[in-house]
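Visitor: Structure provided below as structure tokens; questions to follow.
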Amino acid sequence: MSVERAEKSAGPDTASAPARSTGSARRDGTADVVGTLRAMLLNGQLAPGAELSQVGLARRLGISTTPLREALRQLEAEGLVETRRNRRPRVPPFDPLDLEAVYSGRVVLESLGIALSVPLMTDDDYDALRTSVDEMRDAGIVADFSRWEPAHLAFHAGLIARCGPPLRQQILTLAARSDRYRRMSVLGQHPAGWVVGEAEHEALLEACMKRDPRAAAGLLARHLTRSALTVVAHLAPDADPVGVRLALQMVLSWADSDQEELDRRAKFA
């Protein structure tokens, strides 16, 4: 039976819903499905390389295939789902080149994001970052990954919160893709990795509070590069992530440079 016929035979499921625009309800429903599927992809419930049956997933989530298809299209745009001609969509398999591309892009864009955000940060931003750092530390002490992970994600999102929606969305998309690889490696739930990152998170917060965009960008680029190289070492020990190292060099060439020298070069460019 086709997906369309199956949906028709299921009958309407919104007769008792409160009055609201159809478009708004559809967007909200799709957003919920996207969030659920994204979590399943990132935590490994949907394994790398697994084929995705729309009918099976719809039954599993208790929804029709219409919002599911829309959600899969959005996740494909984020790089978390892969469609293939005349075949079922699937979770992208592990790809060292994709890992390198994702982390390289993240090093460059996230460093740009924090550099743009730091001059605009407020006391409320600092408080939110401090809360995330403290929560990560407390969760690390008891090795509670379920507490540490949301605080970690909130911290990184807070670092680039003031860079503007378009750039921020690109960064968050790359962060979600890199998070899938991080969780595939032992780094994802290994307390030792949290301890190493704790000092780096503290240094990043300090640079933000000092309103030093260059220091913040350099620290973040190094932090992300360390994470990337650790993930690569676990998942693809024979790979050489040249792009990640080059991205770091590009950021540091600005972050560690002298402003007066840059101004002088710009004047004669």
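The values are calculated or read from the model by the stated rules, or taken from the named source; none is laboratory data. What you see is a predicted model, and the numbers here were worked out from it, not measured in a lab. We place every Cβ from the backbone using ideal geometry, glycine too, and count neighbours over all the protein chains shown.
Visitor: Take Ser53 and decide whether it is surrounded by 13 or more Cβ atoms within 10 Å (Cβ to Cβ), among the hydroxyl-bearing types (Ser, Thr, Tyr) and either touching a His at 6+ places or on another chain (Cβ under 9 Å) or more than 18 Å from Arg182 (Cα to Cα) (or both).
Guide: no
Visitor: Further question on the same structure: Please verify whether Pro96 is touching a residue at least 60 places away in the same chain (Cβ under 8 Å) and surrounded by fewer than 19 Cβ atoms within 10 Å (Cβ to Cβ), treating the condition exactly as stated.
Guide: yes
Visitor: Something else about it: Could you say whether any residue in region 107-119 is part of a helix (DSSP H, G or I) and closer than 19 Å to Arg183 by Cα?
Guide: The answer is yes; a qualifying residue exists.
Visitor: Related question: Please give the number of the condition Arg147 fails out of (1) basic (Lys, Arg); (2) in a helix (DSSP H, G or I); (3) in contact (Cβ under 8 Å) with a residue 40 or more places away in the chain; (4) over 26 Å from Leu72 (Cα atoms).
Guide: Unmet condition: (3).
Visitor: Identify, from the list Ala217, Ala255, Ala247, Ala233, the residue that is under 16 Å from Ser178 (Cβ atoms) and in contact with a helix residue (DSSP H, G or I) (Cβ under 6 Å, 6 or more places away or on another chain).
Guide: Ala247
Visitor: Name the residues in region 220-258 that are under 20 Å from the mean Cα position of the chain (by Cα) and within 20 Å of Ala207 (Cα to Cα), would you?
Guide: Result: Leu220, Ala221, Arg222, His223, Leu224, Thr225, Arg226, Ser227, Leu248, Val251.
Visitor: Tally time: how many residues in region 24-47 are out of contact with any helix residue (DSSP H, G or I) (no Cβ under 7 Å at 6 or more places or on another chain) and not in a helix (DSSP H, G or I)?
Guide: Count: 2.
Visitor: Taking Gly44 as the residue in question, decide whether it is on the phi > 0 side of the Ramachandran plot, in the same structural domain as Glu82 (by TED's automatic domain parsing) and at pLDDT below 80.
Guide: Yes.
Visitor: Restricting region 132-144 to residues that are in contact (Cβ under 8 Å) with a residue 12 or more places away in the chain and assigned to a helix (DSSP H, G or I), which is surrounded by the fewest Cβ atoms within 10 Å (Cβ to Cβ)?
Guide: Out of the qualifying residues, it is Arg137.
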